[in-house]
Amino acid sequence: QVQLVESGGGLVQPGGSLKLSCAASGNIFNIYDMGWYRQGPGKQRELVATITNDGNTNYADSVKGRFTISRDNAKNTVYLQMNSLKPEDAAVYYCKARLRTRRNILILDYWGQGTQVTVSS
């Protein structure tokens, strides 16, 4: 059983900052890519940022220069530092981990339950 638990969401004013965390736990053999996605009201889920297990990152154009993704492999945790937040950044943020468990040779995607980010004055 694998669990991804996000934390750090909340209400912030435009221009403010938040840092999201997502910790993976369970019978994990290896974690490959980790990433953050978001889904705003009435919108499809979209990629925000991803990071490989050796630290290569990729960002959506809309967050480049404002958001930073990082990970701590020893803690199986991925972070998203969000600065200069805009109202259009408001969404439920989900983390995803591509991993292999000790019980299965397949490499599968696992998702967290989501954390709400609200940007409003």
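A few notes on this one:
- Pair list, Cβ < 8 Å and 6+ apart or interchain, from region 38-52 residues that are over 18 Å from residue 20 (Cβ atoms) and at pLDDT 95 or above to residues that are hydroxyl-bearing (Ser, Thr, Tyr) and not in a loop (DSSP other than H, G, I, E, B): 52/32
- Residues in region 16-62 that are over 15 Å from the mean Cα position of the chain (by Cα) and among the aromatic types (Phe, Trp, Tyr): 29 alone.
- Listed conditions (1) within 19 Å of residue 111 (Cβ to Cβ); (2) open to solvent by less than 50 Å² (accessible area, probe 1.4 Å); (3) not acidic (Asp, Glu) are all met by residue 43, apart from (2).
- The residue pairs whose first member lies in region 105-116 and is open to solvent by 70 Å² or more (accessible area, probe 1.4 Å), whose second member is part of a loop (DSSP other than H, G, I, E, B), and whose beta carbons are closer than 8 Å, counting only pairs six or more residues apart or on different chains, are 116/9.
- Hits in region 83-104 - residues which are more than 11 Å from the chain's Cα centre (by Cα) and either of a type in the set (A, V, I, L, M) or open to solvent by less than 20 Å² (accessible area, probe 1.4 Å) (or both): 85, 89, 90, 91, 99, 101
- Test: residue in region 10-22 that is surrounded by fewer than 18 Cβ atoms within 10 Å (Cβ to Cβ) and over 24 Å from residue 119 (Cβ atoms): no
The values are calculated or read from the model by the stated rules, or taken from the named source; none is laboratory data. Worth saying up front: this structure is predicted, and the values here are computed from it rather than measured. Backbone-built Cβ (ideal geometry, glycine too); neighbour counts: all protein chains shown. For the accessible areas, the whole protein counts, side chains as well, though only heavy atoms, and no ligand, DNA or RNA atoms are used. Shrake-Rupley method; radii C 1.70, N 1.55, O 1.52, S 1.80 Å.
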